[in-house]
């Protein structure tokens, strides 16, 4: 048996190191998956309870330990229900990513993104100008701006664009005869990452019936993530703004610019 080191009170084998690395990779990928979503608070709470349970076991606190043990046993079933959308996305990530491709196993497991490109300031003026033009022409559109959550899962449902934000680019994507106009565009770091993206829709029973699928999708994505959504109605040309599951109607261009600048700057 190979030992890395052997203190008087503990023995660590090489397989233990591999075990810890795999657990760290799993926790990192789960955290990255829920980062920027409403599930992140639940995730942190669960991790704190688990750490507390380990401390209680080491301290041999039998009564408190037995209570936490029962909570964790029952909590596992509850997690499957609470984290159903996130677990589905995680399984899809495993099935569709290049995690197990030759030469990419380490990169897939430990994608810590050391080489981070310089952050570009969002071109708010171009977005507001494009929304103003589309509003006047009654061109339907839905624009998603990322924050902490990069929305990679939803970006993968559309077509990769990787183009700098500009008025002409946004308007050309949502032009009614464009093959990319049906769906949302996702903007991250002042780059249009993807177009024709499919988003989750809100399931609130009291959602206004006169609003269409773009508005439902705007509320749906902002309910589940920290993203910002802008909608231009195809019927009325009205501009709507959604964040944290709340939808603001009849946005003026100045008010839209004010809100965007307060959120992204």
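The values are calculated or read from the model by the stated rules, or taken from the named source; none is laboratory data. Everything quoted here is computed from the prediction, not taken from an experiment. Cβ sites come from the backbone with ideal geometry, for glycine too, and all protein chains shown count toward neighbours.
Per-structure values
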item: Residue in segment 42-49 that is part of a helix (DSSP H, G or I), out of contact with any helix residue (DSSP H, G or I) (no Cβ under 8 Å at 6 or more places or on another chain) and either modelled with pLDDT under 65 or in the same structural domain as residue 193 (by TED's automatic domain parsing) (or both) present; result: no
item: The one condition in (1) surrounded by fewer than 20 Cβ atoms within 10 Å (Cβ to Cβ); (2) within 18 Å of the chain's Cα centre (by Cα); (3) outside any helix (DSSP H, G or I) that residue 182 fails to fulfil; result: (2)
item: Residue check for residue 83: modelled with pLDDT under 70 and surrounded by 10 or more Cβ atoms within 10 Å (Cβ to Cβ); result: yes
item: Filter pass, residue 187 being assigned to a helix (DSSP H, G or I) and crowded, with 17+ Cβ neighbours inside 10 Å; result: no
item: Residue list for segment 208-233, restricted to those being within 17 Å of residue 127 (Cα to Cα) and in a loop (DSSP other than H, G, I, E, B); result: 227, 233
item: Selection from segment 224-260 of residues that are buried (at least 16 other Cβ atoms within 10 Å of the Cβ) and without any contact (Cβ under 8 Å) to a residue 40 or more places away in the chain; result: 240, 241, 242, 243, 247, 251, 259
item: Selection within segment 241-265 - in a strand (DSSP E or B) and more than 21 Å from the chain's Cα centre (by Cα); result: 248
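One line per residue, one yes/no per condition, for (1) within 18 Å of residue 253 (Cα to Cα); (2) within 22 Å of the chain's Cα centre (by Cα); (3) not assigned by TED's automatic domain parsing to the domain that holds residue 260:
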residue	(1), (2), (3)
133	yes, no, no
144	yes, yes, no
150	no, yes, no
157	no, yes, no
169	no, no, no
188	no, yes, no
203	no, yes, no
220	no, yes, no
